[in-house]
Ligand code: 4NP
């Protein structure tokens, strides 16, 4: 699925949104950042709720990332605000409730899993109230979806896409 064009040619700003910003969107943020290293891509993540603002990632999310070679330590939770829409070229919601909460769907407000090669239009299930296996399931979705996103970003920003 092609990306909406960047507002500033040659760079791309992408935001990832879930409910608490301590599980799903921070996992996607860390994994996507690793996959687009060296590309002019800015990534941020936020929650629609404010309960965890300022906190690090959920310890299960952090442990899952660490076990797969990613560094979760820099994350601090933030809350999404309407002003983010003017800053980011694309805002991706982890589930359909998050999508509705931020005013989507639209060209620049979509579901993260619209880029999942194994299924578009689906939620990343909220792992917060479940067991550790839910975090492994989220990471698997995040890894294959960010692979596809990173390829789209490279195509948009590469010599043929600019
Ligand atoms: P997230 O998970 O949206 O993936 O960060 C949640 C984290 C916290 C809560 C809900 C979901 N909570 O209700 O505090």
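Okay, here's what the table says:
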| read-out | value |
| --- | --- |
| Subset of the range 103-128 (residues that are in contact with a helix residue (DSSP H, G or I) (Cβ under 8 Å, 6 or more places away or on another chain), in contact (Cβ under 8 Å) with a residue 40 or more places away in the chain and within 13 Å of the ligand (Cβ to nearest atom)) | 112, 124, 126, 127 |
| For residue 101: the one exception among (1) more than 17 Å from residue 19 (Cβ to Cβ); (2) over 13 Å from the mean Cα position of the chain (by Cα) | (1) |
| Filter result for the condition that a residue is over 9 Å from the mean Cα position of the chain (by Cα) and surrounded by 21 or more Cβ atoms within 10 Å (Cβ to Cβ), over 47, 10 | 47 |
| Residue count, the range 31-67 (criterion: more than 13 Å from the ligand (Cβ to nearest atom) and in contact with a strand residue (DSSP E or B) (Cβ under 9 Å, 6 or more places away or on another chain)) | 9 |
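Every number here is computed from the coordinates shown, using simple stated rules; none is lab data. These numbers were taken from a predicted model, which means no experiment stands behind them. Positions of Cβ are backbone-derived with ideal geometry, glycine not excepted, and every protein chain shown enters the neighbour counts.
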